[in-house]
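Structure, as structure tokens:
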Amino acid sequence: MFAVLTLLPLLATFTPTVFAAQGATCNVTNPCSSDYPCCSEYGFCGDGYYCLGGCDPLISQSLTSCRPSPVCESVNYTLSDTSRILTNYTYFDGNASEYDWVVQEGSIMNTTSDGEAAIALILTENGGGTLLSSTRYVHYGQVTARLKTGRWAGVVTAFITMSDIKDEIDWEFPGNATTEGQTNFFWQGFIPQTTNGVTETGLTDTYANWHDYTIDWQPDSMTFLVDGNVTRTVKASDCINSTTGVSQYPSTPSRIQLSLWPAGISTEPAGTVQWAGGMINWNDPDYTSAGHFYALFQSVSVQCNDPTPPNSSVTSYVYGANTTLDTPSIAFSNASTMVNGASSLSGVNGMHGVLAAGVLAVALLTHLF
């Protein structure tokens, strides 16, 4: 039977290094102004940390408003070592060599379960859920998260990849269905009439047992695995829109995100509540005894597979003008990823392409959701 043996709050002190100011909302028809040039992942214009992870270059003031995205690094992250997790995202300055993860919302705690040290992502009625994002990006590769899910109606555990223009690949575990998980993907935030989601059944208790969930994302296919066993494969060739000819396959550099979020609450659409197993019971004995719901994450491993391996001078990814219909081009760069870093962007030879500064100044005019 699963039990949390120790649950100790993560304590940290911060030195404020990044300040931000917020302006208007932003979207495809209303890009940001030069005063607040960066469109955040939540659709608000701003500066400072608004220009870091999740900043959408297609609806910011220009393609160079967002800071370049830190390049992929093959590594195994042991999450119980919280020294490289920044627990207040607003203090992050873009230095991915200093921090591997940032807590964008909520809180985390150290814990041990079945002899394995881990972190718990916390959800409370008043504080909401928790979102942990990687500071580095992946542009194709294999990502595996070792985790234990929640087990409560309305509470969703998630392990996903998310790009700055909303390309998304998901492993999600809604509600109290602890013998199944759901795989899904989205292209630039577009919601298809027929869902891409598939329910993966036959899992052994996802709350009580550690499992390794993998997203194997390659240029021609994405494969979902549990404990090394393939559950689903999607071919990029099957994602071409028959009407427009546009490939609606995730293709842009993405952060890794781990989360526990409240889907069973009154502010969510009825369909979302139903999908998550119903409304959250805040009187559940697990919640009243611990004071929170939780999901446990032990590790995340990343094996990068950029179309062309970056050389030693590469620090980041940048966006360029569309090279084909509705398909943003991605290039390597040796520019700083930090808020106060150098603003000039230098392309690096490779299949990603070489971008001149003049090209980077051209905003993409077409962005479909």
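The values are calculated or read from the model by the stated rules, or taken from the named source; none is laboratory data. What you see is a predicted model; the values in this text were computed from it and never measured. Counting neighbours? That spans all protein chains shown, and the Cβs are built from the backbone with ideal geometry, glycine included. SASA here: full protein model, heavy atoms, side chains in, ligands and nucleic acids out. Shrake-Rupley method; radii C 1.70, N 1.55, O 1.52, S 1.80 Å.
Considering the stretch 286-303, and only residues there that are open to solvent by 20 Å² or more (accessible area, probe 1.4 Å) and of a type in the set (Phe, Trp, Tyr), the residue that is nearest to ASP227 (Cα to Cα) turns out to be TYR294. Within the stretch 59-78, the set of residues being out of contact with any strand residue (DSSP E or B) (no Cβ under 7 Å at 6 or more places or on another chain) and modelled with pLDDT under 95 comprises GLN61, SER62, THR64.
Only one of the numbered conditions (1) within 29 Å of PRO307 (Cα to Cα); (2) buried (at least 22 other Cβ atoms within 10 Å of the Cβ); (3) of a type in the set (A, V, I, L, M, F, W, C) is violated by LEU63, and that is (2). Can you say whether THR178 is part of a loop (DSSP other than H, G, I, E, B) and at pLDDT 95 or above, as far as the supplied structure shows? Against the criterion (part of a loop (DSSP other than H, G, I, E, B) and at pLDDT 95 or above), THR178 qualifies.
Screening PRO192 on (1) more than 30 Å from ASN241 (Cβ to Cβ); (2) in a loop (DSSP other than H, G, I, E, B) shows it passes everything except condition (1). Are any of the residues in the stretch 218-228 small (Gly, Ala, Ser), out of contact with any Gly (no Cβ under 7 Å at 6 or more places or on another chain) and more than 30 Å from VAL339 (Cα to Cα)? Yes, the conditions are met somewhere in the stretch 218-228. Applying a threshold of 6 Å to beta carbon distances and a minimum spacing of six or more residues, or different chains, the list of pairs starting in the stretch 327-342 at a residue that is closer than 20 Å to TYR36 by Cα and modelled with pLDDT under 90 and ending at one that is open to solvent by 30 Å² or more (accessible area, probe 1.4 Å) and among the hydroxyl-bearing types (Ser, Thr, Tyr) reads ALA342/SER336. Looking across GLU125, GLU116, GLU105, one residue alone is of a type in the set (Asp, Glu) and over 28 Å from GLN22 (Cβ atoms). It is GLU116. Scanning the stretch 158-175 for residues that are over 11 Å from the mean Cα position of the chain (by Cα) and in a loop (DSSP other than H, G, I, E, B) gives ILE165, GLY175.
Among the residues making up the stretch 81-94, those that are buried (at least 16 other Cβ atoms within 10 Å of the Cβ) and assigned to a loop (DSSP other than H, G, I, E, B) are THR87, PHE92, ASP93, GLY94.
Given the condition modelled with pLDDT under 95 and either surrounded by 16 or more Cβ atoms within 10 Å (Cβ to Cβ) or not in a loop (DSSP other than H, G, I, E, B) (or both), answer yes or no: does some residue in the stretch 115-124 qualify? The answer is yes; a qualifying residue exists. In the stretch 186-200 there is at least one residue that is surrounded by 13 or more Cβ atoms within 10 Å (Cβ to Cβ), closer than 21 Å to ASP164 by Cβ, of a type in the set (Phe, Trp, Tyr) and modelled with pLDDT under 95.
The single condition from (1) open to solvent by 50 Å² or more (accessible area, probe 1.4 Å); (2) at pLDDT below 95 that SER97 fails is (2).
Rundown of residues vs (1) assigned to a loop (DSSP other than H, G, I, E, B); (2) of a type in the set (Gly, Ala, Ser); (3) modelled with pLDDT under 50, yes/no style:
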position	(1), (2), (3)
ALA3	yes, yes, yes
LEU8	no, no, yes
PHE14	yes, no, yes
ALA20	yes, yes, no
SER33	yes, yes, no
TYR36	yes, no, no
GLU41	yes, no, no
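The set of residues from the stretch 195-211 being within 26 Å of CYS239 (Cβ to Cβ) and either among the basic types (Lys, Arg) or part of a strand (DSSP E or B) (or both) comprises VAL198, THR199, GLU200, THR201.
Residues being part of a strand (DSSP E or B) and open to solvent by 40 Å² or more (accessible area, probe 1.4 Å) are represented in the stretch 135-148 by at least one member.
Counting only strands (runs of 3 or more DSSP E) that fall entirely inside the stretch 218-285 and contain at least 2 residues that are open to solvent by 80 Å² or more (accessible area, probe 1.4 Å), the qualifying elements are 229-235.
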